[in-house]
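Visitor: Got a structure for you, written out below as structure tokens; questions coming shortly.
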Amino acid sequence: METITSVHFFVLVLLAILLLVVLLIIGVLLYGFFQYRETVRLSGWLQIINEKISEVIVYDEPDQPDNPAFQQFSANPSFRNLLLQRLVDSEKKFSGMAKDKIKDLFNKYGLHREAEKKLGQKKAFLIAGGIQELTVMDSADALPRISGFLSHASSEVYQEAQYAMVSLKGFEGLSFLDTAEGRISEWQQLRLLLSITSIPEDSGSSIEKWLTSTNDSVIIFTLKLIRKFQLLSFYQEVMGLLEHASSEVRIQVVQTLLSLDNPSTVGDLMEIYPHQPLEVRIEILRAMKVSKDRSITDLLKKELLENPFPAIKIHAAEALFSLGYHDYLIRLEQDEDAPEELVQIIKHALQERI
């Protein structure tokens, strides 16, 4: 009797496992089927959207020729989000009239509502995406809401908010620099610089304030701004930053001073050179090499022969080479009493194979 009971129990367990396997297989098949249907649907929608965008760009009137399929789905939330994504991608690829027509399509179908909904989400990537979409489509009306994200905890969000402010308001949008605490990345600085096409005449007080910021990346960005627009009147303020605690800031100062092309730049750099950290002195030597000013020859020769740091020697030799002192370097290289390290550095400067 016990044997029959055990066999019966074993059969029930086996049937349960088989049933579970069958259910799993059915689940996987259903998931695959729905995924396929979704892929087909999205593919069809993309074709409709791409055709609509092409029509808008080619024809004078956005509604000509009529596109019934587009009108059919234009109220569907998922379709509208896909349309918004495609318009943002397309806007980046076009310019001039075509770009304006894409923005007209964005406005006609009120897609700013979809983008603004994302600003109310909790996930950072959704908020950042909404800000980016509103920025691309020049939705200046959304700026009050976007400005609230300038102090967001997520760098992804506050960087998009920063870019939106500058992209839509120009130089005025840089006001966030007054209180910016997070580091502004190199990529973000480049985006902001590319968005600014002019500097107002009354910008002096703002720039002076940013140059004294406690945020090093704000100072660095401001120095790049001065370089881009050749703001020569800030030469002395920039010079004063060569005493800044950050070597990164000082390196940017050297690059800015060289860019401003003041007649006293080389002399000023030579004067402060001995008092700078190693990495800043290397940057000054690079600047001197670019300047082609022969008044620095004695300093370069002294650094090549006496400085204990190989990096300094290398840049001094390269600067002498760029100034035309080939014969001098060759004589040093061929000197039998010259240290091997010096010979190798000079060979490098002469662009010989070591």
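The values are calculated or read from the model by the stated rules, or taken from the named source; none is laboratory data. Just so we're clear, the structure is a prediction, and the values are computed from it rather than from any experiment. Neighbour counts run over all protein chains shown; Cβ positions are idealised from the backbone, glycine included. Just the protein is used for accessible areas: all its heavy atoms, side chains included, with ligands, DNA and RNA removed. Shrake-Rupley method; radii C 1.70, N 1.55, O 1.52, S 1.80 Å.
Visitor: Among the helices (runs of 4 or more DSSP H) lying completely within segment 82-166, list those that include at least 3 residues that are out of contact with any strand residue (DSSP E or B) (no Cβ under 9 Å at 6 or more places or on another chain) and over 23 Å from Phe70 (Cα atoms). So that I can check it myself, show each step before the final result.
Guide: Values: elements: 96-108, 112-118, 124-136, 143-147.
Answer list for segment 82-166: 124-136, 143-147.
One line per residue, one yes/no per condition, for (1) more than 32 Å from the chain's Cα centre (by Cα); (2) at pLDDT 90 or above; (3) under 29 Å from Ile220 (Cβ atoms):
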{"position": "Glu271", "(1), (2), (3)": "yes, yes, yes"}
{"position": "Gln276", "(1), (2), (3)": "no, yes, yes"}
{"position": "Val290", "(1), (2), (3)": "no, no, yes"}
{"position": "Leu299", "(1), (2), (3)": "yes, yes, yes"}
{"position": "Phe309", "(1), (2), (3)": "yes, yes, yes"}
{"position": "Ile312", "(1), (2), (3)": "no, yes, yes"}
{"position": "Glu336", "(1), (2), (3)": "yes, no, no"}
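Visitor: Name the residues in segment 167-182 that are closer than 12 Å to Leu150 by Cβ, assigned to a helix (DSSP H, G or I) and without any contact (Cβ under 8 Å) to a residue 40 or more places away in the chain, would you?
Guide: Taking segment 167-182 as the starting set, the residues that turn out to be closer than 12 Å to Leu150 by Cβ are 173-182.
Now drop any that are not assigned to a helix (DSSP H, G or I), which leaves 173-178.
Scanning segment 167-182 gives Gly173, Leu174, Ser175, Phe176, Asp178.
Visitor: Looking only at segment 54-81, which residues are assigned to a loop (DSSP other than H, G, I, E, B), over 16 Å from Asn107 (Cβ atoms) and either at pLDDT 75 or above or open to solvent by 80 Å² or more (accessible area, probe 1.4 Å) (or both)? Break it down into steps so the answer makes sense when it comes.
Guide: Initial filter on segment 54-81 (assigned to a loop (DSSP other than H, G, I, E, B)): 59-67, 74-76.
Subsequent filtering for residues that are over 16 Å from Asn107 (Cβ atoms) retains 59-60, 64-67, 75-76.
Listed by number, the residues that qualify are Tyr59, Asp60, Gln64, Asp66, Ala75, Asn76.
Visitor: Could you please find all residues in segment 283-336 being of a type in the set (Lys, Arg) and over 21 Å from Thr256 (Cα atoms)? Working first, answer last.
Guide: Restricting attention to segment 283-336, the residues satisfying the condition of being of a type in the set (Lys, Arg) are 286, 289, 292, 294, 301-302, 313, 331.
Of everything in segment 283-336, those that are of a type in the set (Lys, Arg) and over 21 Å from Thr256 (Cα atoms) turn out to be Lys301, Lys302, Lys313, Arg331.
Visitor: Within segment 137-166, how many residues are crowded, with 18+ Cβ neighbours inside 10 Å and in contact (Cβ under 8 Å) with a residue 24 or more places away in the chain?
Guide: Start the filter on segment 137-166 by keeping residues that are crowded, with 18+ Cβ neighbours inside 10 Å, which leaves 137, 139, 142, 146, 149-150, 152, 157-166.
Still in the running and in contact (Cβ under 8 Å) with a residue 24 or more places away in the chain: 137, 139, 142, 146, 149-150, 152, 157-164, 166.
Residues that pass the stated criteria total 16.
Visitor: Given the residues Arg191, Arg250, which is the only one that is touching a helix residue (DSSP H, G or I) at 6+ places or on another chain (Cβ under 9 Å), among the charged types (D, E, K, R), closer than 21 Å to Gly170 by Cβ and open to solvent by less than 50 Å² (accessible area, probe 1.4 Å)? Steps first, answer last, please.
Guide: Numbers: Arg250 fails: closer than 21 Å to Gly170 by Cβ.
Residue meeting the stated conditions: Arg191.
Visitor: If you don't mind, another one. Which fully enclosed helices (runs of 4 or more DSSP H) of segment 291-354 have 1 or more residues being free of Cβ contacts under 8 Å to residues at least 60 places away in the same chain, open to solvent by 30 Å² or more (accessible area, probe 1.4 Å) and among the hydrophobic types (A, V, I, L, M, F, W, C)? Walk me through how you get there before you give the answer.
Guide: Values: elements: 297-306, 310-322, 326-334, 340-349.
The helices (runs of 4 or more DSSP H) meeting that bar are 297-306, 310-322, 326-334.
Visitor: Can you go through Lys93, Lys118, Lys123, Lys101 and tell me which one is touching a residue at least 40 places away in the same chain (Cβ under 8 Å), under 27 Å from Ser43 (Cβ atoms) and open to solvent by 10 Å² or more (accessible area, probe 1.4 Å)?
Guide: On the way: Lys93 fails: touching a residue at least 40 places away in the same chain (Cβ under 8 Å); Lys118 fails: touching a residue at least 40 places away in the same chain (Cβ under 8 Å); Lys123 fails: touching a residue at least 40 places away in the same chain (Cβ under 8 Å).
Selected residue: Lys101, the only one of Lys93, Lys118, Lys123, Lys101 that is touching a residue at least 40 places away in the same chain (Cβ under 8 Å), under 27 Å from Ser43 (Cβ atoms) and open to solvent by 10 Å² or more (accessible area, probe 1.4 Å).
Visitor: Would you pick out the residues in segment 199-229 that are open to solvent by 70 Å² or more (accessible area, probe 1.4 Å) and in contact with a helix residue (DSSP H, G or I) (Cβ under 7 Å, 6 or more places away or on another chain)? Steps first, answer last, please.
Guide: Pass one, segment 199-229, residues open to solvent by 70 Å² or more (accessible area, probe 1.4 Å): 201-202, 205, 208-209, 212, 214, 228.
Glu208, Lys209, Lys228, listed by residue number.
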